[in-house]
Amino acid sequence: MVIPPTHPRYRSLLEREKVVEGVREGYVALQGLIAHGRGECFDYLIGEATQPFAERAIEAAAAALLTARHPVISVNGNVAALAPGDVVALAKAVPALLEVNLFYRTREREEKIAEVLRRHGAEEVLGVGEDAACTIPELFSERRRVSCRGIYVADVVLVPLEDGDRTEALRRLGKTVIAIDLNPLSRTAQAASITIVDNVTRAMPKLVEAVTRLKSWDRKRLLGLLRSYDKGATLAEAVSHIAKRLTEIAASLPRRGGVVV
Ligand code: ATP
Ligand code: MG
């Protein structure tokens with residue numbers, strides 16, 4: 001499909017095509033399309049731009065990754081379709097391990113996602129096949145499985161686009177969970193330790209930038225930055241931003257005198 005770059009929704013349409021392509025290539029589950037549509041809706045509401053509350057969460061996330069003992073970046077089909085290069089760049093910049101972590105696990109999808117990451121420069125990808133031999137308690141069936149060298153032993157896990165149940169389960173295991181989620185009301189956004197309310201396609205490159213910038217900071221300064229981050233306040237700001245924006249848009253809509261066909 002050819003989308004003219006002048007189209008007002010060019011970027012959004014291009015991203016939608018990438019997820020559809022991931023379905024065609026067999027590594028994005030059909031449910032991934034629904035998740036993407038929900039993300040698009042919230043992106044519309046926040047104004048399709050990285051807002052100050054997201055910038056602050058990105059800085060906190062960078063500090064958490066840089067002070068982690070064992071940081072892991074969890075990758076699912078949508079993330080592999082939308083931001084494979086940035087995910088690999090982030091893993092190298094921290095450095096952190098990459099792990100395939102799927103809601104609907106199949107061997108074929110795991111391998112295809114690992115292949116996409118390798119094509120973008122990843123050296124090692126955990127969580128494929130027998131490597132996902134450890135289990136996260138309190139989750140059902142295939143969703144429990146993680147790498148014993150990765151998420152299972154991680155102290156900090158970045159989960160761009162995660163499900164609420166899994167985020168809660170990881171938190172109960174005492175892990176610091178960083179989520180990227182456009183919906184500030186989702187259970188993932190509420191349950192994560194640090195929530196970046198932004199599109200993964202905008203947040204990921206910014207996170208790579210932040211890690212690169214903060215890398216020269218000493219541990220004490222990074223921990224100070226981390227402590228100053230208030231997740232509840234940041235989420236409240238995201239919700240207020242949407243409410244304020246909608247109120248302003250409603251006020252600016254034409255009333256009587258508009259053409260009624
Ligand atoms: P939860 O399980 O956390 O309550 P949910 O069931 O509504 O949320 P899921 O399908 O489990 O949603 O996860 C998808 C989440 O990812 C949604 O909250 C959606 O807003 C978000 N999302 C989808 N696409 C993007 C994107 N490109 N960038 C950031 N977030 C996204
Ligand atoms: Mg869910």
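Given the residues ARG219, ARG256, which is the only one that is charged (D, E, K, R) and without any contact (Cβ under 8 Å) to a residue 24 or more places away in the chain?
Among ARG219, ARG256, only ARG256 is charged (D, E, K, R) and without any contact (Cβ under 8 Å) to a residue 24 or more places away in the chain.
Just give me the residues in the range 121-145 being assigned to a strand (DSSP E or B) and under 19 Å from ALA89 (Cβ atoms), in sequence order.
Selection gives VAL125, LEU126.
Across the range 201-227, what is the total count of residues that are within 30 Å of VAL19 (Cα to Cα) and of a type in the set (Gly, Ala, Ser)?
2
Among what's in the range 95-105 and is closer than 27 Å to VAL211 by Cβ and not small (Gly, Ala, Ser), pick the residue that is most open to solvent (accessible area, probe 1.4 Å).
So the residue we want is PRO95.
Name the strands (runs of 3 or more DSSP E) wholly within the range 146-261 that hold at least 1 residues that are within 18 Å of the chain's Cα centre (by Cα) and surrounded by fewer than 24 Cβ atoms within 10 Å (Cβ to Cβ)?
Qualifying strands (runs of 3 or more DSSP E): 156-160, 176-180.
So SER12 clears everything in (1) surrounded by 15 or more Cβ atoms within 10 Å (Cβ to Cβ); (2) closer than 25 Å to ALA114 by Cβ except one condition, right? Which one?
(2)
Which condition from (1) within 16 Å of ligand 2 (Cβ to nearest atom); (2) open to solvent by less than 10 Å² (accessible area, probe 1.4 Å); (3) farther than 16 Å from VAL28 by Cα is the one that VAL87 breaks?
That leaves (1) as the condition not met.
Exactly one of (1) within 26 Å of SER240 (Cβ to Cβ); (2) open to solvent by less than 40 Å² (accessible area, probe 1.4 Å); (3) over 16 Å from the mean Cα position of the chain (by Cα) is unmet by ILE58. Its number?
(3) is the only condition that ILE58 fails.
List the helices (runs of 4 or more DSSP H) inside the range 1-120, counting only whole elements, that have at least 3 residues being of a type outside the set (Asp, Glu) and in contact with a Ser or Thr (Cβ under 8 Å, 6 or more places away or on another chain).
Answer list for the range 1-120: 52-67.
Could you go through the range 176-186 and let me know if any residue there is more than 28 Å from SER240 (Cα to Cα), touching a Gly at 6+ places or on another chain (Cβ under 9 Å) and modelled with pLDDT of 95 or more.
no
Check GLU130, GLU108 and return the single one that is surrounded by fewer than 15 Cβ atoms within 10 Å (Cβ to Cβ) and touching a residue at least 60 places away in the same chain (Cβ under 8 Å).
GLU108
Going through the range 15-43 one residue at a time, which ones are closer than 26 Å to ALA236 by Cβ and loosely packed, with under 13 Cβ neighbours inside 10 Å?
Of everything in the range 15-43, those that are closer than 26 Å to ALA236 by Cβ and loosely packed, with under 13 Cβ neighbours inside 10 Å turn out to be GLY37, CYS41.
Which of the residues that make up the range 122-151 are of a type in the set (Gly, Ala, Ser) and at pLDDT 90 or above?
ALA122, GLY127, GLY129, ALA132, ALA133, SER147, GLY150
In the range 133-145, how many residues are without any contact (Cβ under 8 Å) to a residue 40 or more places away in the chain and either within 8 Å of ligand 1 (Cβ to nearest atom) or open to solvent by 40 Å² or more (accessible area, probe 1.4 Å) (or both)?
Counting residues in the range 133-145 that are without any contact (Cβ under 8 Å) to a residue 40 or more places away in the chain and either within 8 Å of ligand 1 (Cβ to nearest atom) or open to solvent by 40 Å² or more (accessible area, probe 1.4 Å) (or both) gives 7.
The values are calculated or read from the model by the stated rules, or taken from the named source; none is laboratory data. Because the structure is a prediction, the values reported are computed rather than measured. Quick reminder, even Gly has a Cβ in these numbers, built from the backbone with ideal geometry, and neighbours come from all protein chains shown. When the accessible area is computed, the model is the full protein with side chains, heavy atoms only, and any ligands, DNA or RNA have been set aside. Shrake-Rupley method; radii C 1.70, N 1.55, O 1.52, S 1.80 Å.
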